[in-house]
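K.L.:
One structure is given below, represented as structure tokens, and several questions about it will come after.
The values are calculated or read from the model by the stated rules, or taken from the named source; none is laboratory data. For clarity, every value in this text was computed on a predicted model and none was experimentally measured. Cβ atoms come from the backbone with ideal geometry, glycine included; neighbour counts cover every protein chain shown.
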Amino acid sequence: MNQDINLILSAGAQPTKDALLTVLEPIMSEWSVHPRYATATLNELSKRKRSDLVELVLECMEARQVETNVFHYSVAITASEKAADWPLALHFLYQMHLLKIQANEYSYSAAISASEKCGEWTLALSLFTEMRSKKLAPNEVTYGASISSCAVGHWTIALNLLSQLMQDSLQLNIITVSAAITACEKASQWQPAVDLLSLLEAKRVSPDCISFSSAISACEKRGCWELALSLFHSMKGRFLVPDAGAFNAGISACASGGQWKIACDLLGRMGEAKAAPDLISCSAAIRACDKCEKWALVLQLFEDSCLSSIRPDTVFFNSILHSVEKMGHWELALALLQQMPSSSVEVNELTYRAAIGACLGHWQLAIALCQEMCEFTSPTAISMSTVVLVCAKQGQWQAAVQLLKQMLTDIGFPEGPSAFDALIDACDRVGSCAAAAKLMDRWSREVTSLSKRMHSLERS
């Protein structure tokens, strides 16, 4: 076999069909007598992830009328799967059909796995259905690949496939069940995810960190943070050391429940478990602290993350800016705003809104940031209202009125009365009763108009 491989490789890195035919001529006759030699050679090429050479060798065999069989093509489809090349896998299946070679469960399992690895879940399930229609019995690998293809959130299909697996009296394994739990997690279906964990115990299959992480994440996504943390702590009783995925899910659950102390504790324990904190864990801990108004701690976590190799994203920076806004640290807000582009992090409207909100006491700076924001995006009424509030709270009611007019003309009525309230209060404080009266009248008319539109929508 090694000699055969060496011959094939001697044809060059990317040989033509003619060049490969030349080097294969001496061994073709032997392959005709012993087809398993060809199978072994194709299998070795598959292990080396040379699906291109596998395809070319099969073409050479057909050109010299050397018999090809289901084993040759099953190996070829497996090579396609390892190369994550689902079109090539389908090509080999189609070639089998043309050559009247009956595909077996291994051929289909490999093709389904290739489709699953490429995210082609509809194709994977279509192949599974075709396989069943040909009276071929799926094995654990077939079911595992089919269920894994549903991990994008098609949880009902995943559960149905798992039910079929058990009806076929096949062995339940951790990979298959974990894939089903992941499908439930993607769809935020916490109850079936937790039920599947219980099923593992009932079937005496030991759960792993992946299955726990997915179940914890499913609970967190639906706000069941207490259950999520209970699952996290139960891992210790099963002699499982949480990995980064489990810690991330647990800390995210703390963020949902506003449990900043537990979030920081879990973040600190990651090092002990040899699980390096990453962007997800740090962002979740920061969200938990921000939610509980522990803004100084947010800044400390930000400093710690800067000392590590974590590469922040837009959500991460926006969480920090929200805390900075509440603390009124406008200088830090501007520094973070300038740091984002230099760190190749995209700036969005929420970024500017938080920076503007931090500029209370610096209305001209707030207006400048608003103008900068309008250059790359169309701001919402919420963002414009933030600028109006900054101006109004400094008594700059003329500037605030101009911004309010611009907002009503370009965007529409704000979602809340805060902009109007702040402006009316500012006018009252400086004795501009006429301006306050006009704002009250405009506010009343806008509210009436909005109420009529909502009533019309309700009727329709």
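K.L.:
Considering each of 40, 76, 89, 84 in turn, give the residue that is in a helix (DSSP H, G or I), touching a residue at least 12 places away in the same chain (Cβ under 8 Å) and over 18 Å from residue 4 (Cα atoms). If you could, list the steps in order and put the result at the bottom.
P.N.:
Details: 40 fails: over 18 Å from residue 4 (Cα atoms); 76 fails: over 18 Å from residue 4 (Cα atoms); 84 fails: in a helix (DSSP H, G or I).
Result of the check over 40, 76, 89, 84: 89.
K.L.:
Which pairs turn up if I take residues in the range 140-154 that are on the phi > 0 side of the Ramachandran plot and look for partners that are assigned to a helix (DSSP H, G or I) and basic (Lys, Arg) with beta carbon separation below 8 Å, at least 6 apart in sequence or on another chain?
P.N.:
Cβ pairs passing all conditions: 153/186.
K.L.:
Here is a further query. Test residue 325 against the stated conditions and say whether it is touching a residue at least 12 places away in the same chain (Cβ under 8 Å) and not in a helix (DSSP H, G or I).
P.N.:
On the way: touching a residue at least 12 places away in the same chain (Cβ under 8 Å): yes; not in a helix (DSSP H, G or I): no.
No: the conditions fail for residue 325.
K.L.:
When you go through 193, 218 one by one, which is the residue that is touching a helix residue (DSSP H, G or I) at 6+ places or on another chain (Cβ under 6 Å), crowded, with 24+ Cβ neighbours inside 10 Å, under 16 Å from residue 162 (Cα atoms) and hydrophobic (A, V, I, L, M, F, W, C)? Explain how you work it out, then say what you get.
P.N.:
Working: 218 fails: under 16 Å from residue 162 (Cα atoms).
The unique qualifying residue is 193.
K.L.:
Follow-up. Picking from 9, 99, 24, 45, which residue would you name as being more than 39 Å from the chain's Cα centre (by Cα), buried (at least 18 other Cβ atoms within 10 Å of the Cβ) and not small (Gly, Ala, Ser)?
P.N.:
Working: 9 fails: buried (at least 18 other Cβ atoms within 10 Å of the Cβ); 99 fails: buried (at least 18 other Cβ atoms within 10 Å of the Cβ); 45 fails: more than 39 Å from the chain's Cα centre (by Cα).
So the residue among 9, 99, 24, 45 that is more than 39 Å from the chain's Cα centre (by Cα), buried (at least 18 other Cβ atoms within 10 Å of the Cβ) and not small (Gly, Ala, Ser) is 24.
K.L.:
Do we find that residue 275 is crowded, with 18+ Cβ neighbours inside 10 Å and assigned to a helix (DSSP H, G or I) in this structure?
P.N.:
On the way: crowded, with 18+ Cβ neighbours inside 10 Å: yes; assigned to a helix (DSSP H, G or I): no.
In short, no.
A quick yes/no check of all residues on (1) assigned by TED's automatic domain parsing to the domain that holds residue 386; (2) more than 30 Å from residue 213 (Cβ to Cβ); (3) under 24 Å from the mean Cα position of the chain (by Cα):
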position: 284; (1), (2), (3): no, no, yes
position: 297; (1), (2), (3): no, no, no
position: 313; (1), (2), (3): no, no, yes
position: 324; (1), (2), (3): no, yes, no
position: 330; (1), (2), (3): no, yes, no
position: 339; (1), (2), (3): no, yes, no
position: 342; (1), (2), (3): no, yes, no
position: 349; (1), (2), (3): no, yes, yes
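Each row is one residue, and each column tells you yes or no for (1) closer than 18 Å to residue 124 by Cβ; (2) at pLDDT 95 or above; (3) more than 15 Å from the chain's Cα centre (by Cα).
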site	(1), (2), (3)
144	yes, no, yes
153	yes, no, no
160	yes, yes, yes
171	no, no, yes
175	yes, no, yes
182	yes, no, no
187	yes, no, no
191	no, yes, yes
194	no, yes, yes
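K.L.:
With the condition kept exactly as written, say whether any residue in the range 169-185 is without any contact (Cβ under 8 Å) to a residue 24 or more places away in the chain and either crowded, with 16+ Cβ neighbours inside 10 Å or more than 21 Å from residue 255 (Cα to Cα) (or both).
P.N.:
First, the residues of the range 169-185 that are without any contact (Cβ under 8 Å) to a residue 24 or more places away in the chain: 169.
Pick out the ones that are also either crowded, with 16+ Cβ neighbours inside 10 Å or more than 21 Å from residue 255 (Cα to Cα) (or both) and you get 169.
There is at least one residue in the range 169-185 that is without any contact (Cβ under 8 Å) to a residue 24 or more places away in the chain and either crowded, with 16+ Cβ neighbours inside 10 Å or more than 21 Å from residue 255 (Cα to Cα) (or both).
K.L.:
Quick check, is residue 265 of a type in the set (Asp, Glu), at pLDDT below 90 and out of contact with any helix residue (DSSP H, G or I) (no Cβ under 7 Å at 6 or more places or on another chain)? Don't jump to the end; show me each part of the working.
P.N.:
Details: of a type in the set (Asp, Glu): yes; at pLDDT below 90: no; out of contact with any helix residue (DSSP H, G or I) (no Cβ under 7 Å at 6 or more places or on another chain): yes.
It is false that residue 265 is of a type in the set (Asp, Glu), at pLDDT below 90 and out of contact with any helix residue (DSSP H, G or I) (no Cβ under 7 Å at 6 or more places or on another chain).
K.L.:
Give 171, 164 a once-over and let me know the one that is more than 20 Å from residue 234 (Cβ to Cβ) and not in a helix (DSSP H, G or I). Quick ask: steps written out before the conclusion?
P.N.:
Working: 164 fails: not in a helix (DSSP H, G or I).
Of 171, 164, the one residue that is more than 20 Å from residue 234 (Cβ to Cβ) and not in a helix (DSSP H, G or I) is 171.
K.L.:
Any chance the range 239-247 includes a residue that's buried (at least 23 other Cβ atoms within 10 Å of the Cβ) and over 30 Å from residue 325 (Cα atoms)? Full working, then the answer.
P.N.:
Step one: list which residues in the range 239-247 are buried (at least 23 other Cβ atoms within 10 Å of the Cβ), which gives 242, 246-247.
After this cut, where a residue has to be over 30 Å from residue 325 (Cα atoms) as well, the list is 242, 246.
Yes, there is a match, as at least one residue in the range 239-247 is buried (at least 23 other Cβ atoms within 10 Å of the Cβ) and over 30 Å from residue 325 (Cα atoms).
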